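Peer 1: Okay, handing you the structure first.
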Amino acid sequence: MAGTPSPLPRWAPTPSPSRPLWRPWGGGTPDANNHHQPGGRGGGTGSTSWWSLASGVFAWGGRGRHRGTASSNEAAAAGDDRACGVVPGRSGCELQAVVVPSSAADADDPRAFLTWEDVGVTVAGGGPRGAPDVRILDGISGHARPGEVLAIMGPSGGGKTTLLDTLAGRLGPGMNKTGLILINGRLEKLAYGTSAYVTQDNMLMSTLSVREAVYYSAQLQLPDTMPLPEKRAHAERVIREMGLADAMDTRIGGRITKGISGGQRKRVSICIEMLTRPRLLFLDEPTSGLDSAASYHVMSHIARVAARDGMTVVAAVHQPSGDVFELFHGLCLLAAGRTVFFGTISDATEFFTLNGFPCRHLRSPSDHFLRTINKDFDEETVESSKTKRKTAAEAIDILATAYRSSDYFEKTTDQIIEMKNMDGASFRRREQASFATKLLVLTRRSFLNMHRDIGYYWMRLAIYMGIGICLGTIFYQVGYSYSSIQSRCSIIMYTVALLTFMAIGGFPSFVEDVKVLIRKERLSGHYGVSEFVISNTLSATPYLSVIAVLPGAMLYYLSGLTKGVDHFIYFVMVVCICCLLVESMMMVIAAIVPDFLMGIIVGAGVQGVMMLNGGFFRLPNELPKPVWKYPSYYISFHKYAVQGLYKNEFMGLSFPSDQLVESNVTISGIQVLKDKLQVEMGYSKWVNLAILCGMMVIYRMMFFAIVKITEEIRQKMGGKRGCVR
């Protein structure tokens, strides 16, 4: 690279000091790995050039070259087997990836040659039953090469994100795909760490700082063989490369607190996905929310990494600036779900000119392309040198038809065939953090998130303490009279009903966590559902214990319920398990109904029905047997919670009878349980507690199963691409 002039301006990002990041994992030949020195450095003649290439912040150990023939516009650079250079015949400062013949390391970590042919996507019609399917993509073909950045452009609604989701194997439910998508000439199920997807929506934990978000993600993605100080240093290095050094300790922010800007959040999302330097990177609107300088800084850094590491980058870009547009090696121009053009940037300008839509002097080509094919404002005609004025719909038809019969289409087809015939190696799963490490990191992150989010537990704790004081003072020292039986029952039922009902208050915060899990980190293969479920349980239990102990103590001793530490402990345990159970139930609802407002309504309705069948408002023997007693009464957690607390409260006590019915007669607590409350006395109160724990586990297993089934459906509909575990 020493003899090649840099195409980037002076303020463009530069590599950090030469130093390998860590020992290679999931790559490199066995012989090369045996030459590594203990400190992670390579040794011996077999790895000297390898580590020379791996030095610097962008280089990643164990990456080989791809088996195949380099394209005509690729050239080798002396002294380095991957280089960035100026592309002859192209205006501006465009990066050109230089790919050289393959090495033996390719078999372990091959590069990604992505091709797609005649891809179509349809979605069920939203009209009356029997309405025809709506076609979103129609016969899209193209390819993406290692070391290059392919831009997918087009007006809003043109199918850019749908094509990106299709290529990444992330089509949503109800969408049907046709066509053939291959990686290295085969249907490939990508292993972990091979691909990454930066979504259009920035799904991040709002309570974390930029440093914490990236560092926690680094701990989840990077292997245990890499020391923690190196993980931290690498995370901070990636943050600085994205221009976020000044915002490193600023919280991301969200619905409650103000944090970093939208453009900075986009860069944080890119940082997280770039940690492992994947072979295949999908970017959906990477420049949205960024000014022109920041857009160029981010995209030039991505282009530099792609050229240096042989990364294949596919980006859906809405409106790039002129400088950013010149960084792209290829262009896929879509309009109304059809291909208007596929090829190089310079060929695109020539294609538009040949078909009667020349770009004006001093006008950005990207602006000209989008203005020509945007039919949202068809009352405003576009310029044409042949017929002077045409609508955008007419321009799309002319260009799409001309492209299908042009030399550019034949060239694209030939390149697709060439890539399909390659004998590419399959991708191997990269090493990542162990189950125990992920569980520990997720628990710490979740615990910190719950601590900082006031809506998760702190607001609920304040409300509970207020309710505990109110309830304790209203039923202050109920005593042991006959009327105290009803008072004790009222206290127990109100506590179980309201305190569990209020658990819905944390649902909006949990929905944000589920979005991060299901829509981002889980799809990227950072961790599994089991780690999330267990870590959520471990991190929530301390907070729920505090919520149960403090208000429970106020309520319990002010109202004068049954004395004894063992009775109080049981009371607290039941309340805590009930809160965990309700949160588990809301997890299931969140997996089915991702909208938090609808989820709150559904959760409140479900709890309301369960509350009616709990055995308080209507005694068990008086419930109508169809539906309400069988099975509703037995699947209501209120039944087991209330009856367990009844046993805890009344067993061992005695009360005077109703003096209007029978005077000078004492009623035992067991009589109250059997006759007046119709409690099932065939088992102890601890069985009731065990049943509540079992129901909590069942709900969490249901959440696990729903997420897994959803993933299976998505993988079947989206093809074989996507991260797997």
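The values are calculated or read from the model by the stated rules, or taken from the named source; none is laboratory data. Quantities reported herein were computed from a predicted structural model and do not represent experimental measurements. Methodologically, a virtual Cβ is constructed for each residue, glycine included, from the backbone with ideal geometry; neighbour enumeration extends over all protein chains shown.
Peer 1: Inspect all residues belonging to region 616-631 and state whether any of them is over 26 Å from Val533 (Cβ atoms) and touching a Leu at 6+ places or on another chain (Cβ under 6 Å). Working first, answer last.
Peer 2: First, pick out the residues of region 616-631 that are over 26 Å from Val533 (Cβ atoms): 616-630.
Next, only the ones that are touching a Leu at 6+ places or on another chain (Cβ under 6 Å) stay: 629.
Yes, that holds for at least one residue.
Peer 1: Which of the strands (runs of 3 or more DSSP E) found entirely inside region 135-242 contain at least 3 residues meeting this: among the β-branched types (Val, Ile, Thr) and within 21 Å of Gly120 (Cα to Cα)?
Peer 2: Working: elements: 149-153, 175-183, 195-198.
So the answer is 175-183.
Peer 1: Has region 507-521 got any residue that is in contact with a strand residue (DSSP E or B) (Cβ under 8 Å, 6 or more places away or on another chain) and surrounded by 22 or more Cβ atoms within 10 Å (Cβ to Cβ)?
Peer 2: Within region 507-521, the first condition is being in contact with a strand residue (DSSP E or B) (Cβ under 8 Å, 6 or more places away or on another chain), and the residues that meet it are none.
No; the residues of region 507-521 include none that is in contact with a strand residue (DSSP E or B) (Cβ under 8 Å, 6 or more places away or on another chain) and surrounded by 22 or more Cβ atoms within 10 Å (Cβ to Cβ).
Peer 1: Does region 262-301 hold any residues that are touching an Asp or Glu at 6+ places or on another chain (Cβ under 6 Å) and not in a helix (DSSP H, G or I), and which are they?
Peer 2: Within region 262-301, just Arg277 meets the criteria.
Peer 1: Another one. Sort through Asn184, Asn176 and tell me the only one that's touching a Pro at 6+ places or on another chain (Cβ under 9 Å) and more than 22 Å from Leu327 (Cα to Cα). If you could, list the steps in order and put the result at the bottom.
Peer 2: Working: Asn176 fails: touching a Pro at 6+ places or on another chain (Cβ under 9 Å).
Testing whether each residue is touching a Pro at 6+ places or on another chain (Cβ under 9 Å) and more than 22 Å from Leu327 (Cα to Cα) leaves just Asn184.
Peer 1: Which residues, taken from region 599-622, are touching a helix residue (DSSP H, G or I) at 6+ places or on another chain (Cβ under 9 Å), farther than 13 Å from Phe501 by Cβ and of a type outside the set (Val, Ile, Thr)?
Peer 2: We begin by selecting, within region 599-622, every residue touching a helix residue (DSSP H, G or I) at 6+ places or on another chain (Cβ under 9 Å); these are 599-600, 602-604, 606-620.
Adding the requirement that they be farther than 13 Å from Phe501 by Cβ leaves 599, 602, 613, 615-620.
Within region 599-622, Gly599, Asn613, Gly615, Phe616, Phe617, Arg618, Leu619, Pro620 qualify.
Peer 1: While we're looking at this one, here's another question. Need the failing condition index for Ala553 against (1) surrounded by fewer than 19 Cβ atoms within 10 Å (Cβ to Cβ); (2) under 15 Å from the mean Cα position of the chain (by Cα), just the number.
Peer 2: So the condition that Ala553 fails would be (2).
Peer 1: Could you tell me which of the residues Arg444, Arg429 is over 17 Å from Val511 (Cα atoms), outside any helix (DSSP H, G or I) and charged (D, E, K, R)? First the steps, then the outcome.
Peer 2: Details: Arg444 fails: outside any helix (DSSP H, G or I).
Going through Arg444, Arg429 in turn, the sole match is Arg429.
Peer 1: Going through Ser406, Ser385, Ser346 one at a time, which residue ends up being surrounded by fewer than 22 Cβ atoms within 10 Å (Cβ to Cβ), small (Gly, Ala, Ser) and modelled with pLDDT under 85?
Peer 2: On the way: Ser406 fails: modelled with pLDDT under 85; Ser346 fails: modelled with pLDDT under 85.
None of the others qualify; the one that does is Ser385.
Peer 1: Let me ask another. Can you tell me which of (1) in contact with a helix residue (DSSP H, G or I) (Cβ under 8 Å, 6 or more places away or on another chain); (2) crowded, with 22+ Cβ neighbours inside 10 Å; (3) part of a helix (DSSP H, G or I) is the one Val313 doesn't meet?
Peer 2: Result: Val313 fails condition (3) only.
Peer 1: Go through (1) modelled with pLDDT of 90 or more; (2) among the polar types (S, T, N, Q); (3) closer than 19 Å to Gln671 by Cα and name the single condition Gln477 misses.
Peer 2: Against the list (1) modelled with pLDDT of 90 or more; (2) among the polar types (S, T, N, Q); (3) closer than 19 Å to Gln671 by Cα, Gln477 comes up short only on (3).
Peer 1: Taking the options Leu581, Leu597, name whichever one is surrounded by fewer than 17 Cβ atoms within 10 Å (Cβ to Cβ) and part of a helix (DSSP H, G or I).
Peer 2: Going through Leu581, Leu597 in turn, just one is surrounded by fewer than 17 Cβ atoms within 10 Å (Cβ to Cβ) and part of a helix (DSSP H, G or I): Leu597.
Peer 1: Confirm whether Leu180 is surrounded by 20 or more Cβ atoms within 10 Å (Cβ to Cβ) and aliphatic (A, V, I, L, M). Break it down stepwise before answering.
Peer 2: On the way: surrounded by 20 or more Cβ atoms within 10 Å (Cβ to Cβ): no; aliphatic (A, V, I, L, M): yes.
No; evaluated as a whole, the condition is false for this residue.
Peer 1: Going residue by residue through region 96-119, is there one that turns out to be polar (S, T, N, Q), modelled with pLDDT of 85 or more and surrounded by fewer than 20 Cβ atoms within 10 Å (Cβ to Cβ)?
Peer 2: Step one: list which residues in region 96-119 are polar (S, T, N, Q), which gives 96, 102-103, 115.
Still in the list and also modelled with pLDDT of 85 or more: 115.
Adding the requirement that they be surrounded by fewer than 20 Cβ atoms within 10 Å (Cβ to Cβ) leaves none.
Looking for residues that are polar (S, T, N, Q), modelled with pLDDT of 85 or more and surrounded by fewer than 20 Cβ atoms within 10 Å (Cβ to Cβ), one finds none in region 96-119, hence no.
Peer 1: Continuing with the same structure: Taking the criterion of being within 20 Å of Val305 (Cβ to Cβ) and surrounded by fewer than 21 Cβ atoms within 10 Å (Cβ to Cβ), would at least one residue in region 254-264 satisfy it? Give the steps one after another, and end with the answer.
Peer 2: Going through region 254-264, the residues within 20 Å of Val305 (Cβ to Cβ) turn out to be 263-264.
Narrowing further to those that are surrounded by fewer than 21 Cβ atoms within 10 Å (Cβ to Cβ): 263.
Yes, the conditions are met somewhere in region 254-264.
Peer 1: Would it be correct to say that Asp246 is more than 17 Å from the chain's Cα centre (by Cα), on the phi < 0 side of the Ramachandran plot, in a loop (DSSP other than H, G, I, E, B) and surrounded by fewer than 23 Cβ atoms within 10 Å (Cβ to Cβ)? Walk me through it before giving the result.
Peer 2: Details: more than 17 Å from the chain's Cα centre (by Cα): yes; on the phi < 0 side of the Ramachandran plot: yes; in a loop (DSSP other than H, G, I, E, B): yes; surrounded by fewer than 23 Cβ atoms within 10 Å (Cβ to Cβ): yes.
Judged against the criteria, Asp246 is a match.
Peer 1: Quick check on region 313-333. Is at least one of its residues charged (D, E, K, R) and more than 24 Å from Trp116 (Cβ to Cβ)?
Peer 2: Taking region 313-333 and keeping what is charged (D, E, K, R), we get 323, 326.
Those left that are additionally more than 24 Å from Trp116 (Cβ to Cβ): 323, 326.
For region 313-333, residues charged (D, E, K, R) and more than 24 Å from Trp116 (Cβ to Cβ): present.
Peer 1: For the structure I just gave you, tell me whether Ile417 is in contact (Cβ under 8 Å) with a residue 40 or more places away in the chain and assigned to a helix (DSSP H, G or I). Break it down stepwise before answering.
Peer 2: Details: in contact (Cβ under 8 Å) with a residue 40 or more places away in the chain: no; assigned to a helix (DSSP H, G or I): yes.
No: the conditions fail for Ile417.
Peer 1: Of all residues in region 512-533, which are assigned to a helix (DSSP H, G or I) and either at pLDDT 80 or above or over 38 Å from the mean Cα position of the chain (by Cα) (or both)?
Peer 2: Filtering region 512-533 down to residues assigned to a helix (DSSP H, G or I) leaves 512-521, 529-533.
Listed by number, the residues that qualify are Glu521, Val529, Ser530, Glu531, Phe532, Val533.
Peer 1: Going residue by residue through region 281-289, is there one that turns out to be without any contact (Cβ under 8 Å) to a residue 60 or more places away in the chain and touching a helix residue (DSSP H, G or I) at 6+ places or on another chain (Cβ under 6 Å)? Reasoning before the result, please.
Peer 2: Quick first cut of region 281-289, residues without any contact (Cβ under 8 Å) to a residue 60 or more places away in the chain only: 287, 289.
Add one more test, that the residue is touching a helix residue (DSSP H, G or I) at 6+ places or on another chain (Cβ under 6 Å), and what stays is 287, 289.
Checking region 281-289: at least one residue is without any contact (Cβ under 8 Å) to a residue 60 or more places away in the chain and touching a helix residue (DSSP H, G or I) at 6+ places or on another chain (Cβ under 6 Å).
Peer 1: Confirm whether Val496 is outside any helix (DSSP H, G or I), at pLDDT 85 or above and buried (at least 17 other Cβ atoms within 10 Å of the Cβ).
Peer 2: On the way: outside any helix (DSSP H, G or I): no; at pLDDT 85 or above: yes; buried (at least 17 other Cβ atoms within 10 Å of the Cβ): yes.
So Val496 fails the test.
Peer 1: Looking at region 349-369 only, could you name the residues that are assigned to a loop (DSSP other than H, G, I, E, B) and either crowded, with 21+ Cβ neighbours inside 10 Å or touching a residue at least 24 places away in the same chain (Cβ under 8 Å) (or both)? Can you show your working first?
Peer 2: Step one: of region 349-369, the residues assigned to a loop (DSSP other than H, G, I, E, B) are 355-364.
Once the filter is applied, which keeps residues that are assigned to a loop (DSSP other than H, G, I, E, B) and either crowded, with 21+ Cβ neighbours inside 10 Å or touching a residue at least 24 places away in the same chain (Cβ under 8 Å) (or both), region 349-369 yields Asn355, Gly356, Phe357, Pro358, Ser364.
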